[in-house]
Each structure stands twice: as structure tokens, then as C-alpha cells.
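Below is one structure, written out as C-alpha cells; comments come after it.
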Amino acid sequence: MTNGARYAIYFVPEHGSMLARRGASWLGRNAVTGEAVEQHRPGGIDPATFAEKTESARRYGFHATLKAPMRLTPGVSERPFRAAVAEYAARVRPFDLGPLSPKWIGAFLALTPDSADPEHMRALKDWAFGVVRGLEPFRAPMPGEEFERRARGLDDRQRQLLERWGYPYVCDEFRFHMTLSAPVPEAERSAWRAAADRWFAPALAQDVVIDAISIAVERDPPGPFVELARYPLGDG
């Protein structure tokens, strides 16, 4: 039997690591346990504004999306999906992202790779697309009304990717990011960037490696995503 839950494949930093702790504190929620945590209050930003601008990211938890939220194919239960993710992870090699730092993606603040090497970025896109493609048989088709809603404002290529893979930012459109905010007005961005630089600097002193993938679940949409299971990557 199927259910109304949505599932996603995330990169989540190692449990208990400084990056995981700093990310949870920035957002005010631990996506592994589902518990609220005391939210960081950066200087120079109004606390109420900070809570508001991190609300959406708090719902999804501190993560990077590899395969976007989806419902399971009709007739497929959670158990075979979990087994397939475990099997997939066992035969995929870890990926060294290199150093990350806070940057703007449009009006959103996120942690993204520093690398400007086109070969490294292409390899990352190919690696991430392997996750999308490998688990695609488990994704239920998107209802027409949902497609039209999500397709608003997309260009032709993004609409094509949304229709084929359930998400417009995959393949050549993919950009690895760990979201830190909703859109921030331009006049406030320098304060946000400075706050993120200070807060995450100790956690980003070393390269970040994707050495595991996680299933996150939203049991009752629209609701919070919580890590369901974590699978260490193998050696390929």
C-alpha cells in the first residue's frame, strides 16, 4: 500500500559533527531527531526577521537535496524503497565537495562549493544526477495541476526537467546548496552573509565530503521533514 508521505534523498552532515550542529542551530531545528533547538541569534539581524526568514528552511532541515521530495509509485511501500536506497548507496563512491562557504543564489543564502573548476563541477552534477536517475523508478508521476503550479516561471529546459524527473534543478541545472534562508532584501544581504561567514567558519575549515545519503520523510504534507534512514556510501 502507498501513503501520502513524501520522501527525498538528502545529503545530511555527519550526525554530531560541527557542521551538523551549526546548521541545526542556524535553522532552529534538528532534522535528524525532529526536535527544536535553540536558534542562533546573529548580531546585526532582527531576531524576529531571522526566525521568519529561516522558517521554510527549518521545515526541510539542514541538508542538500539530491533527489527532490516525491511520493512513491502506486503499489510500492516504504520497505522496498529503503532497500533500494541502501543497495544504491553501497555501490556509489563518496564525493569530495571541497570547501564550502555561504553565497547568494539569487536572493537565497546557502552553503555552496567554492570550486570554480568546471571539471569538478561537472563531476558533481554527474554524481548527483546518478542519484536522481538511479531512484527514479520509485517516483510517482506528478499530478497535472501540481506540475502546472511548479512550472510557473520556469524556462523551457527547466519545464522539461520537471516533467521528466520531477524537479527542474537536476542534470545541467543542478547546483549543490544547503539552504540558509528564504529570499532576503538586497539591503540586508551584507549582514546575513557576514553572520553566516562568522557562524559557519569553524565548521568549514576542512573540505566537505558526501560520504552518506539519507532518506528524509514528510509524513503528513505539508509538514516537517525528518531523517528516516542514513546509508554510508561504498567504494563504487
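The values are calculated or read from the model by the stated rules, or taken from the named source; none is laboratory data. In this text the structure is predicted, and so the values were computed from the model without any measurement. Here the Cβ positions follow ideal geometry from the backbone for every residue, glycine too, while neighbour counts run over all protein chains shown. SASA here: full protein model, heavy atoms, side chains in, ligands and nucleic acids out. Shrake-Rupley method; radii C 1.70, N 1.55, O 1.52, S 1.80 Å.
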Whole-Hz Karplus couplings 3J(HN,Hα) for segment 54-70, θ = phi - 60° and coefficients 6.51, -1.76, 1.60, Gly and Pro as x, run 9, 4, 5, 5, 4, 4, 7, x, 6, 6, 10, 7, 9, 10, 5, x, 8
Tilt, helix 18-27 to longest principal axis of the chain (alpha-carbon atoms), in degrees rounded to tens, equals 80
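What accessible area per residue comes out for segment 140-236, rounded to a whole number of Å², with a 1.4 Å probe? Show your work: numbers first, answer last.
On the way: 5180 Å² over 97 residues.
About 53 Å² of surface per residue is accessible.
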Check: C-alpha center segment 211-236 vs C-alpha center segment 144-159, spacing in Å is 26
Under a 1.4 Å probe, counting only protein heavy atoms, Thr49 has an accessible area in Å², nearest 10, of 40
Per the rule of 0.36 nm per residue minus the C-alpha distance, extending Ala187 to Ala51 adds in nm 47.2 nm
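Ordering Ser56, Ser214 from largest to smallest accessible area (1.4 angstrom probe), what's the sequence? Numbers along the way, then the final one.
Values: Ser56 70, Ser214 0 Å².
Descending order: Ser56, Ser214.
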Taking a straight Cα-to-Cα line shorter than 18 Å from Lys53, and setting aside same-chain aspartates and glutamates fewer than 8 residues away, one finds Glu38, Glu186, Glu188, Asp197
Interchain or sequence-distant (5+) residues whose placed amide H lies within less than 5 Å of the amide H of Arg139 are Thr73
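With every protein chain present, what is the per residue accessible area of segment 32-130 (1.4 Å probe, Å²)?
Working: 4960 Å² over 99 residues.
That works out to 50 Å² per residue.
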Note, segment 77-86: 3J(HN,Hα) by Karplus (6.51, -1.76, 1.60, θ = phi - 60°), whole Hz, Gly/Pro = x, goes 9, 5, 4, x, 5, 4, 5, 5, 5, 4
Length gained, Glu148-Arg79, 0.36 nm per residue minus C-alpha separation, equals 21.8 nm
Output for segment 82-154: trypsin sites (Lys or Arg not before Pro) sitting in coil per DSSP, at most 15 other Cβ within 10 Å, listed by number, reads Arg91, Arg152
Taking a label point 7 Å from the Cα of Gln160 along Cα-to-Cβ, the residues of segment 90-131 whose backbone nitrogen sits under 16 Å from it are none
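Could you give the length gained by full extension between Glu14 and His120, i.e. 0.36 nm per residue of separation minus their alpha carbon distance, to one decimal place?
Values: separation 106, 0.36 × 106 = 38.16 nm, distance 2.25 nm.
Stretched out fully, the Glu14 to His120 stretch lengthens by 35.9 nm.
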Here the relative contact order (percent) of the chain, from C-alpha pairs under 8 Å and at least 6 apart, is 35
Note: probe point = Cα of Glu38 + 7 Å toward Cβ; backbone nitrogen < 18 Å; residues of segment 183-217 passing the test are 199-200
Carbon plus sulfur, as percent of the 1.4 Å-probe accessible area of segment 20-142, comes to 53
At the level of C-alpha centres, the distance separating segment 51-121 and segment 1-39, in angstrom, is 12
SASA check, Tyr10, accessible area w/ 1.4 Å probe, all protein chains in place, rounded to nearest 10 Å², comes out at 10
